[in-house]
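Single-structure report; data block below.
The values are calculated or read from the model by the stated rules, or taken from the named source; none is laboratory data. Note that the coordinates shown come from a computational prediction; the quantities given were computed from them, not determined experimentally. FYI the Cβ positions are ideal-geometry reconstructions off the backbone, even for glycines, and counts take in every protein chain you see.
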Amino acid sequence: MCLLAALFTSPVVADEETGVTAFVNVNVVRPETNSIDESRTVIVTGTKITRIGAANKVSVPSDALVVEGEGRYLLPGLAEMHAHVPPAKLGREYAEDILFLWVTNGITTIRNMSGEPSHLELREQIASRQILGPRMYTSGPRFMGRRIKTPEEAGGIVDEQVAAGYDFLKVHMGLTRVAYDGVVAAAERHDIPVAGHVAPDIGLWRALEARQATIDHLDSYLRALVSDAADVSDLEDGLLGAPYTPHVDESKIAVVARATRDAGTWNAPTLTLAENFVGPYDESRPLTGAEYMPPKIVRSWVGLATVYQKSITDPEDAQRFLSYRKRLVKALHDEDAGLLLGSDAPQVFNVPGFSLHNELDLMVEAGLTRAEALTTGTLNPAVFFDAEDTFGRVKEGLDADLVLVAENPLQDHATLRNPSGVMLRGFWMTSEELQTGLELIAARYVTGD
């Protein structure tokens, strides 16, 4: 049994149905309405929020675990909507460490974008509280490359993934139009969402026509913004469409945003991923959370980012590329096209959990208010998954996925980086317990191997 399991297994399963926790004198944060319900007591019974009321009117059960809020702020747990749960070949301990990094940063739901059979078991073990981890929705193995030759072959793979029990289908780069159309047709037959990348052979307009559930990384949007007068036939997509930057027609930004809204397609922009690649990388600035990752992985990130940054021939174009991505996010938001908070982690300089706070900051830089940015990681994922009756708000009857912080996150997101505690479906973890878990993980990597 790994050290984290030894630390948390017994409390996780204790009193699952009847244990009571009372958060007394907390300010309940409602990002979806940009409001605060002050001086509340929140009662949790088992895994559910069972009572919310004025602190001076709600009776606290005598057997409750009392968490004194002392005027702190209680908000719904966050969702990382572009996560990569490690594959089984990297070992179970590493996977559980990554799950814990998400939890310790207040992330109580993840959308796993690189599923495999081992993740189905992991999803069930999380749901049954055998191990500690965020609620997990998972794709099947990615549809990628040019190995799929016919629509029938694509449909057969979809049939297999549906039968296995995956939550959605992940399309990736290199997919041909024939394969993509086969995936989409089979997905429609099974009523299972298609999400992920938009390969060059597909393009934004076909993805929207197919009503792809999500487009991640703003894939294909830069190509769709290219001026009608520009000849880009000899360009390759490169990093998230960056080579198309000099040819963008800014008047098309509103056009693609409206088309996205009309298609009902959501976006998980992963702004931080592009920012990390463009850099510049500064080795004198420590990467937050790096001590909780295998050093060889961090070194590989440095190598990938450094190689890309050396390939940049026009730094001003690189910054325009990042600016266009933020403008797209703001335009999508203004047109009421769905946005989901996702950073793509673990990935280049994106340490799981820690990177989502960077993504929140970039959403604000793109023009969203702090409340709007938070909503992309709280209520919006619940709406996307048709699970508003399960999570996404601090509301009676919903799962008790909660984060307690010292300051008002509607005024400053920085407080989310140091939670006073996290509740995961009724299981309360103090900041001290979370820190102990982090120290156990960091201890694995002190040798630098």
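Checked against (1) in a loop (DSSP other than H, G, I, E, B); (2) touching a strand residue (DSSP E or B) at 6+ places or on another chain (Cβ under 7 Å); (3) small (Gly, Ala, Ser); (4) more than 22 Å from ILE49 (Cα to Cα), GLY392 meets all criteria but (4).
Among what's in the range 262-286 and is surrounded by fewer than 20 Cβ atoms within 10 Å (Cβ to Cβ) and either small (Gly, Ala, Ser) or in contact with a Phe, Trp or Tyr (Cβ under 6 Å, 6 or more places away or on another chain) (or both), pick the residue that is farthest from HIS333 (Cα to Cα). Here the residue is SER284.
Among the criteria (1) surrounded by fewer than 17 Cβ atoms within 10 Å (Cβ to Cβ); (2) in contact (Cβ under 8 Å) with a residue 24 or more places away in the chain, the one MET429 does not fulfil is (1).
Applying a threshold of 9 Å to beta carbon distances and a minimum spacing of six or more residues, or different chains, the list of pairs starting in the range 176-189 at a residue that is part of a helix (DSSP H, G or I) and ending at one that is surrounded by fewer than 16 Cβ atoms within 10 Å (Cβ to Cβ) and among the β-branched types (Val, Ile, Thr) reads VAL178/THR150; ALA179/THR150; GLY182/THR150. Residues that are β-branched (Val, Ile, Thr), out of contact with any Leu (no Cβ under 7 Å at 6 or more places or on another chain) and assigned to a strand (DSSP E or B) within the range 209-232 comprise ILE215, VAL226, listed in sequence order.
Could we say that SER420 is at pLDDT 95 or above, surrounded by fewer than 22 Cβ atoms within 10 Å (Cβ to Cβ) and outside the structural domain of ILE253 (by TED's automatic domain parsing) here? Judged against the criteria, SER420 is a match. The single condition among (1) on the phi < 0 side of the Ramachandran plot; (2) assigned by TED's automatic domain parsing to the domain that holds LEU341 that GLY367 does not meet is (1).
For ARG211, all conditions in the list (1) more than 22 Å from the chain's Cα centre (by Cα); (2) surrounded by fewer than 24 Cβ atoms within 10 Å (Cβ to Cβ) hold save one; what is the number of the exception? ARG211 satisfies every listed condition except (1).
Given the condition over 24 Å from ARG177 (Cα atoms), surrounded by 16 or more Cβ atoms within 10 Å (Cβ to Cβ) and not basic (Lys, Arg), answer yes or no: does some residue in the range 217-231 qualify? No, that holds for no residue.
Every condition in (1) at positive phi; (2) out of contact with any Ser or Thr (no Cβ under 7 Å at 6 or more places or on another chain) holds for GLY426 except the one numbered (2). Screening MET293 with (1) over 24 Å from the mean Cα position of the chain (by Cα); (2) at pLDDT 95 or above gives one miss only, at (1). A single entry from ILE148, ILE157, ILE126, ILE110 fulfils the requirement of being part of a loop (DSSP other than H, G, I, E, B), crowded, with 18+ Cβ neighbours inside 10 Å and assigned by TED's automatic domain parsing to the domain that holds GLY174: ILE148. Of the residues making up the range 237-247, those that are surrounded by fewer than 19 Cβ atoms within 10 Å (Cβ to Cβ) and touching a residue at least 24 places away in the same chain (Cβ under 8 Å) number 3. Within the range 361-389, if we keep just the residues that are in contact with a strand residue (DSSP E or B) (Cβ under 8 Å, 6 or more places away or on another chain) and within 21 Å of GLU38 (Cα to Cα), the residue that is surrounded by the fewest Cβ atoms within 10 Å (Cβ to Cβ) turns out to be LEU379.
The residues in the range 161-173 that are surrounded by fewer than 16 Cβ atoms within 10 Å (Cβ to Cβ) and touching a residue at least 12 places away in the same chain (Cβ under 8 Å) can be counted, and the count is 2.
Sort out for me the helices (runs of 4 or more DSSP H) sitting completely within the range 248-356 that have 2 or more residues that are touching a residue at least 12 places away in the same chain (Cβ under 8 Å) and farther than 18 Å from ASP216 by Cα. Output list reads 252-263, 295-311, 315-334.
For SER300, are the conditions met, namely being more than 20 Å from LYS326 (Cβ to Cβ), modelled with pLDDT under 95 and in the same structural domain as THR104 (by TED's automatic domain parsing)? Here the answer is no, as SER300 does not meet what is asked.
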